[in-house]
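Enquirer: Provided herewith is a single structure, encoded as structure tokens, for subsequent inquiry.
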Amino acid sequence: MNSAISVTMRSFKRRFFHLIQLGDGSYNLNFYKDEKISKEPKGSIFLDSCMGVVQNNKVRRFAFELKMQDKSSYLLAADSEVEMEEWITILNKILQLNFEAAMQERRNGDSHEDDEQSKLEGSGSGLDSYLPELVKSTREAEIKLKSESRVKLFYLDPDAQKLDLPSAEPEVKPFEEKFGKRILVKCNDLSFNLQCCVAENEEGPTTNVEPFFVTLSLFDIKCNRKISADFHVDLNHFSVRQMLATPSSALMNGSGQSSPTLPDILHEAAMQYPKQGIFSVTCPHPDIFLVARIEKVLPIMYQHHTDLNPIEVAIDEMSKKVAELRQLCSSADVDMIKLQLKLQGSVSVQVNAGPLAYARAFLDDTNTKRYPDNKVKLLKEVFRQFVEACGQALVVNERLIKEDQLEYQEEMKANYREMAKELSEIMHEQKICPLEEKTSVLPNSLHIFNAISGTPTSTMVHGMTSSSSVL
């Protein structure tokens, strides 16, 4: 039967179907791009795996569906209702014939088995010894027949189908696993120039004096990339390896109560410290190299540790803030973003942290008696320098900001005044008046320092006389 209908997997395409019967009595539904059925078919639908054919008009008119045993389906559509009914009738009739033939074959097989069983009842080595081989050969023949009949199943995918071109289409083959070349790498020993006995009693073999680790991997120089995983090798002697072991390593895996025997130690060393590995290269070429990276574990010859008390930590942190602000202000190319971030974190009084938190914790009357007088005086001096650095930073920021940031500048000035006021109260010094309503912060650091200490000064800035007074 030859007719033109449409086949679909995700979209309908016009194909010409031809129903044929194979030598084993099964039916195949081959489809072609045109009416020339002499060419090799684009694909086949095996009706021996079909469960039924039903009408399906939900997707398209005159459509019918072939339901397979693996719960998949093929949705086909004819050109007319008469042709659709004809296809459904013929296909269902073929499925019915296949079913009846299978049932008859099963009945014949059962009766034949009963006859053979009655003939071989007294024999201990009857058909049972030949039955597995017979079933295996029958199954292999069936699989071979079906694999030879199935032609280009990948072309059922519409993405794999090409335009109707006269040229020959490339054959699509499934993925084939390729191992390529395999390389066995064995690492026996690695000796350095400096060697001695590392045992405390100087009794033992001469080994490397420092632990080291080797990492092997394959690199493709042509593609400039690594093409294998890392293979880690530990070639250290047991005595050198003990230099890295922790005190609890002897109690690992429950072996602390009894000492392991020599075979157990050798087996564990072979599993825990492998010395050989296999690298696989799919496409070998001369630009692939085996690279070994050696890493040494160097001992710490000198270690300095200093314990700081809390007020020393505060002095160190505040000194760093002063240095950062001065560096930002003295830079030829001022980084406005960093400068504003430092200012915001320094002059803000809404957060219970930072400079004011240090001042409340160490310079308050209830806390100063806990620390040495020289440390308290040093922290006060650092805070004076901090106020000075903040004033300089505000001057630099005001000189470089644009008009849309004037409001932000005024807000930081107000926070700066509040911070200076609270610091003067904590330190019991004269109140600071660093900023006037219409005057920028004076860049002279002596002005702010004397304002905190209470000494009035007069400074000439840009040809104008400006004075600071103590309130």
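The values are calculated or read from the model by the stated rules, or taken from the named source; none is laboratory data. Quick caveat: nothing in here was measured; it's all calculated off a predicted structure. Backbone-built Cβ (ideal geometry, glycine too); neighbour counts: all protein chains shown.
Enquirer: Tell me the helices (runs of 4 or more DSSP H) entirely within the range 276-364 that contain at least 2 residues that are of a type in the set (Lys, Arg).
Expert: Per the criteria, 310-330, 336-347.
Enquirer: In addition: Which of the residues that make up the range 30-84 are of a type in the set (Gly, Ala, Ser), part of a loop (DSSP other than H, G, I, E, B) and in contact (Cβ under 8 Å) with a residue 60 or more places away in the chain?
Expert: The answer is Ala78, and nothing else.
Enquirer: Looking at the range 9-29 only, could you name the residues that are of a type in the set (A, V, I, L, M) and not in a loop (DSSP other than H, G, I, E, B)?
Expert: Across the range 9-29, the qualifying residues are Leu19, Ile20, Leu29.
Enquirer: Criterion first (among the β-branched types (Val, Ile, Thr), in contact (Cβ under 8 Å) with a residue 40 or more places away in the chain, closer than 20 Å to Val395 by Cα and out of contact with any His (no Cβ under 6 Å at 6 or more places or on another chain)) does Val334 satisfy it?
Expert: Against the criterion (among the β-branched types (Val, Ile, Thr), in contact (Cβ under 8 Å) with a residue 40 or more places away in the chain, closer than 20 Å to Val395 by Cα and out of contact with any His (no Cβ under 6 Å at 6 or more places or on another chain)), Val334 qualifies.
Enquirer: Of all residues in the range 287-344, which are of a type in the set (A, V, I, L, M), surrounded by 11 or more Cβ atoms within 10 Å (Cβ to Cβ) and closer than 22 Å to Val382 by Cβ?
Expert: Ile311, Val313, Ala314, Ile315, Met318, Val322, Ala323, Leu325, Leu328, Leu339, Leu341, Leu343
Enquirer: Additional query: In the list Glu317, Glu324, Glu295, which residue meets the criterion of being modelled with pLDDT of 85 or more, within 30 Å of Arg241 (Cβ to Cβ) and within 44 Å of the chain's Cα centre (by Cα)?
Expert: The match here is Glu295.
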